[in-house]
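Down below is the structure, laid out as C-alpha cells.
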Amino acid sequence: MSDAVDLNQPSREPAQPHPLPVGSAGERSGGWWGCLTLIATEGSLFGYLIFSYLYLVSQTPQHWPPEGLPKLGLGIANTAILLSSSVFVWLCERCVRRARLRWAVASMALGVVLGCAFMGIQLIEWRAHPYGLSTHLYGSLYFTITGFHMAHVAVGIVVLLFLLLWTALGYFDEQRCAALTIGGLYWHFVDVVWLFIFSTLYLTPYLFREWS
Amino acid sequence: MDHKTIGLRYLVTAFLFLLMGGVEALIMRVQLARPNATVLTPEQYNQLFTMHGVTMIFLYALPVLSGFSNYLWPLVLGSRDMAFPRLNALSYWIFLFAGIFLYASFPTGQAPDAGWFNYAPLSGLEYSTGPNIDVYALGMVLLGISTTVGSMNFVVTLLRMRAPGMSLDRVPVLVWGTLTASAGNLLAVPSVSLAFFLLWMDRRIGTHFFDVLNGGRPLLWQHLFWIFAHPWVYAVVLPAMGIVSDALPVFCRRPLVGYGPVALATVATMAIGFVVWIHHMFATGIPALALSFFGAASMVIAIPSAVATFAWIATIWTGRPVFRVPFLFFAGFVFLFVVGGVSGVLTAAVPFDWQLTDTYFVVAHLHYVLLGINVFPVIGGIYFWFPKFTGKMMSERLGKLGFWVLFVGFNVAFFPMHIAGLLGMPRRIYTYPAEMGWNTANLITSLGSFLFAAGVLIFLIDVLVSLKRGKPAGDNPWDAPTLEWSMSSPPPPYNFAVVPWLASRHPLWEGRIDEPGITVPMRSQLDEGYLLAQGREALGTTALEANPDVILKMPGDSYAPFWLAAFATLVFAGLALGAWIFAGAMLAGCAVSIVVWLWPERALIQREPVAVRDAGG
C-alpha cells in the first residue's frame, strides 16, 4: 500500500484508483487496534497490582509470606496448561484460513477445555490455602491479584466460546476472520499476564528469602 | 451516534457540572468571607469542598475537552467519524451516569467528604462509616471506564482515520494535545481505579491494603492516587493548550511559530508528568534521594511549558493581531499560565513546598493553572467554534465585556489566596478566628469570586442570545486555515462528501503562505478524492504517513451502548447498596449487551456472506 500516495512525487494524482480491502480486514480492522489499546490499559492495571504487591512487601515488617513459601509444583503445571491453550487458539485461526473447519472447531474447543482446566486447578489451589481474602495482608494481595486474573480468564473463556460458536456456524473464512484474530490476541494477553503474576506471587518470595 | 451530537452533549453536560461546582464554590466563599461564620457546618463544608473538587476536576475539566475533541477531531482530520462511533456513545452515557452516581448521595447530606484526593486512613471505615466514601470510590471506577473507552477511541482515531496526506507532522496541535492526554489516560486511569477499588474492598470486604494494624500502608493510597492524578493534571490542560495553539494563530494572521517544538513539548510534558507524582508527597517522610529526584523532575517540566509559552508570545509578536473576543481569551490564558507556572516552579522546590504544602498558596496555584489553562481556552474555544457548531456568530460586545469581568474577577479572587497561603492559612478549614490576619485576603477573594461568577453569567447569556438571534456565520468567519472551516456551518452529518487529500498543515491558506522545505507547489485537494458512497463507509489510513490502507464499514445506530452503560451503572449501584445478587444480575446484563454489540454482522463484512463449509481432510 505504501505506493498509493507518494508525497515526494507531487505530479502523481492523489486519489488514483487503487483497490483497497473493504471492511473488517484482520490487522487493518479498527477492532485490532482497539484491542491493542485495551491491552495497553489492562496491562497497566496489572502493572499497578504488581506494584502494590511489591511496595507492600518492601514495607512490611511481617514474616513473608506468613504461611511459608508457596508450593510451586501445581502452579508450574497450571502455567503450562494455560500457555498451551494459547497454541490451540492460534491453531484454530490457521485452520480456518485453510478452510479446515472441523479441525478449527476441535482446536478451539481444546483451547476452551484447557482454559477451564486452568480455572479448576486455580480454584483447588484457592481452597487449599488456610487463609482467605480478609485474614491478613498477604491473603488480601494474593486473592485480589489472582482474582483479577481469574476474572480475565473467565471473560476470555466466554470470548473463546463465542468464537467457537461462530466458527462452527461457518461465519469465518480465510479473508473474514478478524474476530478470531482479535479474540485470540486478547487470550494471548491474558496468558502472558499470568507469567508476570506467577513470577511475582510464586517466584519472588524465594528471591526475597535469600536476601533477608 | 454522530460524533458531532455526542461532542455537543459532552460540552453541555460538562458545563452544567461546571455551574454546579461553581455554585458550591460560591457557597464556600460566603462561609469564608469573614471569620467565625456559621453559614455552613463543618460537615457540610467538607462535603462541599470535596464535591467542588470532584466536579471540577473529573466531571468538568476533562469531559469538556472531550466534547471539543469529539466534535472537532473528525472535522480537522478530514474523516467521516471517529474510529468507534458506538464506543463514543458508550463513553458519553457512562460519563453522564457516573456524574449522577457521584451526586446520588448529595441530597441526603452524605456526599463524599474526604477531599478529592481522599487520603486513607481518613477515608477508611474507621473514620468514615457512612456511604459517603463508597459512593465516591465506586463512582470513580465507573467514571474511569468512560475515560478509558473515550481515550481508546481517540488513540485509534488518530492512528487510523486521518485524511490521506495528513501525515503526523500535519495534524493540528489540538490533536497532539488530546492524543497525548488519551495515551496518558490509558496508562494512568487504571492506577486510580485500582486504588478506589482496593479502598472499597478494605471498607466493605475486609481486606487490609491501607490498614496499618495489619501491615497495610496508607501511603500506598497516595502513591496510586498521584501516579494517576499528576498525569491527569496534564490531561486536562494539554488539549486546552492545543486549542490555543490552533486558534491563537488565526487571530495573529500567521501560522504558529514553532509547530514542531510545540508538538514535542506537548508529548514531553506528559512523559515527564509520569515521573513527578512524588511532588505531591514531599511532606510524607520520603527518603532524601527520592525528594531530590522528583523535585528536579518537577522543575524540568518548566522547560516544555516555556517552549510552548514562548511559541505563543512569538506568534503574537510577529503576527498582526486581530483583537476579537477569542484572541482576548487566548492572550489572557498566556498571562495566567505564566503566573500559575511560576508558582508551580516555586512549589517544586522541596524546602519551599514543606513550608507551603496544605496552605492556600497551593490552592491559588492550582486554580491559576486549572482555570487559567482550562476555563479560559475553553470559553475562548467556544467563541471561536460557536459559528461552526451553530452557524451563528456570538456577540463581540457581550464577549468583550464578559472577558474583562472574568479576567478581573479571576485575579481579584485568586491572587489574594497566594498571600493568605504565605500568611499560613491552611486549606480545607471551614472557618478561622478573627485575629489570624487573614480577614482582608479572604474578603477580597470572596468578592472576586462573585465577580468571576458574574462573568460566567454574561458568557451564558451571550450563548443563549446568540443561539436565538446571532448573525449568520458563513463557512469560515475567521478566515481560518484548517479543514473544519472548509464545510458548511453547521457541518453535514457525513462531514466530507469527498475524502480530502492534504498537502500541508494549512489547506485553506495555501497560496498565501508556503511551508518551508517544499519547493514544488503542491495543493491540497478538497473536491477530488475517494467518494466512498456505498453505505456508511470511511477511509482507514496508515498510522504515520496516512496513506490509504483500508475502506472501513461504519456501524449504524444501536441501543447496545446505552444498555451497556445503564447495566454497568446498576452494577455499581448494586455494589454500593450491598445487593450482591442484583449486582450479579446486572453484570449478566452487561455481558448480554456486549454480545449483542459485537455479534459479527454481514453489513460490516465481519463474516462471510455464505456459511463456510469444511474443505475436507
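Let's see how each residue does on (1) without any contact (Cβ under 8 Å) to a residue 12 or more places away in the chain; (2) in contact with a helix residue (DSSP H, G or I) (Cβ under 6 Å, 6 or more places away or on another chain); (3) closer than 25 Å to A:Leu38 by Cα:
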position	(1), (2), (3)
A:Ser134	yes, no, no
A:His149	no, yes, yes
A:Ile157	no, yes, yes
A:Leu164	no, yes, yes
A:Gly170	no, no, no
A:Ala179	no, no, yes
A:Val192	yes, no, yes
A:Ile197	no, yes, yes
A:Phe208	no, no, no
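Does B:Arg170 fit the bill of being surrounded by fewer than 24 Cβ atoms within 10 Å (Cβ to Cβ), in contact (Cβ under 8 Å) with a residue 60 or more places away in the chain and either among the hydroxyl-bearing types (Ser, Thr, Tyr) or more than 25 Å from B:Met281 (Cα to Cα) (or both)? It is true that B:Arg170 is surrounded by fewer than 24 Cβ atoms within 10 Å (Cβ to Cβ), in contact (Cβ under 8 Å) with a residue 60 or more places away in the chain and either among the hydroxyl-bearing types (Ser, Thr, Tyr) or more than 25 Å from B:Met281 (Cα to Cα) (or both). Looking only at residues of the stretch B:527-569 that are among the polar types (S, T, N, Q) and under 19 Å from B:Leu87 (Cβ atoms), we find that the one that is surrounded by the fewest Cβ atoms within 10 Å (Cβ to Cβ) is B:Ser558. Just one residue in the set B:Leu26, B:Leu77, B:Leu18, B:Leu72 is within 30 Å of B:Leu447 (Cβ to Cβ) and either in contact with a strand residue (DSSP E or B) (Cβ under 8 Å, 6 or more places away or on another chain) or surrounded by 19 or more Cβ atoms within 10 Å (Cβ to Cβ) (or both); that residue is B:Leu18.
Of the candidates A:Leu203, A:Leu185, A:Leu207, the single residue that is crowded, with 16+ Cβ neighbours inside 10 Å, part of a helix (DSSP H, G or I) and either among the aliphatic types (A, V, I, L, M) or touching a Pro at 6+ places or on another chain (Cβ under 7 Å) (or both) is A:Leu185. Assigned to a loop (DSSP other than H, G, I, E, B) and either within 14 Å of chain A (Cβ to nearest Cβ) or within 24 Å of B:Leu328 (Cα to Cα) (or both): does that describe B:Val262? It is false that B:Val262 is assigned to a loop (DSSP other than H, G, I, E, B) and either within 14 Å of chain A (Cβ to nearest Cβ) or within 24 Å of B:Leu328 (Cα to Cα) (or both). Restricting the stretch B:76-111 to residues that are within 15 Å of B:His3 (Cα to Cα), not in a helix (DSSP H, G or I) and not hydrophobic (A, V, I, L, M, F, W, C), the residue that is nearest to the chain's Cα centre (by Cα) is B:Asp81.
Inspection of the stretch B:410-419 finds no residue satisfying the criterion of being part of a loop (DSSP other than H, G, I, E, B), more than 25 Å from the chain's Cα centre (by Cα) and of a type in the set (A, V, I, L, M). Against the criterion of being within 21 Å of the chain's Cα centre (by Cα) and either closer than 17 Å to B:Val237 by Cα or among the small types (Gly, Ala, Ser) (or both), B:Ala331 qualifies. Residues in the stretch A:136-150 that are more than 17 Å from the chain's Cα centre (by Cα) and more than 9 Å from chain B (Cβ to nearest Cβ): A:Tyr142 only.
Condition check ((1) hydroxyl-bearing (Ser, Thr, Tyr); (2) surrounded by 15 or more Cβ atoms within 10 Å (Cβ to Cβ)) across all residues:
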residue	(1), (2)
A:His63	no, no
A:Gly75	no, yes
A:Ala80	no, no
A:Leu91	no, yes
A:Leu101	no, yes
A:Ala104	no, yes
A:Gln122	no, yes
A:Thr135	yes, yes
A:Thr144	yes, yes
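Look at the stretch B:522-539 and say how many of its residues are within 7 Å of chain A (Cβ to nearest Cβ) and in contact with a Ser or Thr (Cβ under 8 Å, 6 or more places away or on another chain). Final tally of qualifying residues: 1. Which residue is modelled with the lowest pLDDT, if the candidates are limited to the stretch B:556-588 and must be over 27 Å from the mean Cα position of the chain (by Cα) and outside any helix (DSSP H, G or I)? If we take residues in the stretch B:556-588 being over 27 Å from the mean Cα position of the chain (by Cα) and outside any helix (DSSP H, G or I), then B:Gly556 is modelled with the lowest pLDDT. Would you confirm whether or not the stretch A:98-113 contains a residue that is more than 12 Å from every other protein chain (Cβ to nearest Cβ), closer than 25 Å to A:Leu203 by Cβ and touching a residue at least 12 places away in the same chain (Cβ under 8 Å)? No, the stretch A:98-113 has no match at all. Against the criterion of being more than 11 Å from chain A (Cβ to nearest Cβ), buried (at least 20 other Cβ atoms within 10 Å of the Cβ) and β-branched (Val, Ile, Thr), B:Val300 does not qualify. For A:Thr79, the conditions (1) within 11 Å of chain B (Cβ to nearest Cβ); (2) at pLDDT 90 or above all hold with the exception of (1).
Within the stretch A:163-179, the residues that satisfy the criterion of being more than 14 Å from A:Ala99 (Cα to Cα) and more than 7 Å from chain B (Cβ to nearest Cβ) are A:Leu163, A:Leu164, A:Leu165. If you go through the stretch B:540-559 and keep only what is facing chain A (nearest Cβ under 8 Å) and under 20 Å from B:Ala603 (Cβ atoms), you end up with B:Gly540, B:Val550, B:Ile551, B:Leu552, B:Lys553. Among residues of the stretch B:187-204 that are farther than 18 Å from B:Pro121 by Cα and crowded, with 24+ Cβ neighbours inside 10 Å, those with a beta-carbon under 8 Å from a residue that is at pLDDT 95 or above and charged (D, E, K, R) at least six positions away or on a different chain give the pairs B:Pro190/A:Glu42.
Pairs linking a residue in the stretch B:227-242 that is on the phi < 0 side of the Ramachandran plot and of a type outside the set (Asp, Glu) to a residue that is modelled with pLDDT under 95 and assigned to a loop (DSSP other than H, G, I, E, B), with Cβ atoms under 7 Å and 6 or more positions apart or on different chains, are B:Ala229/B:Phe117; B:His230/B:Val276; B:Pro231/B:Phe274. One residue alone among B:Phe274, B:Phe251 is within 14 Å of another protein chain (Cβ to nearest Cβ) and within 28 Å of B:Phe330 (Cα to Cα), and that residue is B:Phe274.
Cβ-Cβ contacts under 7 Å between residues 6 or more apart (or on different chains), taken from a first residue in the stretch B:575-599 that is more than 11 Å from every other protein chain (Cβ to nearest Cβ) and closer than 19 Å to B:Phe197 by Cα to a second residue that is among the charged types (D, E, K, R) and assigned to a helix (DSSP H, G or I), are listed as B:Ala576/B:Asp134.
Within the stretch B:313-330, the set of residues being closer than 23 Å to B:Gly402 by Cα and of a type in the set (A, V, I, L, M, F, W, C) comprises B:Ile316, B:Val322, B:Phe323, B:Val325, B:Phe327, B:Leu328, B:Phe329, B:Phe330.
The values are calculated or read from the model by the stated rules, or taken from the named source; none is laboratory data. These numbers were taken from a predicted model, which means no experiment stands behind them. Cβ atoms come from the backbone with ideal geometry, glycine included; neighbour counts cover every protein chain shown.
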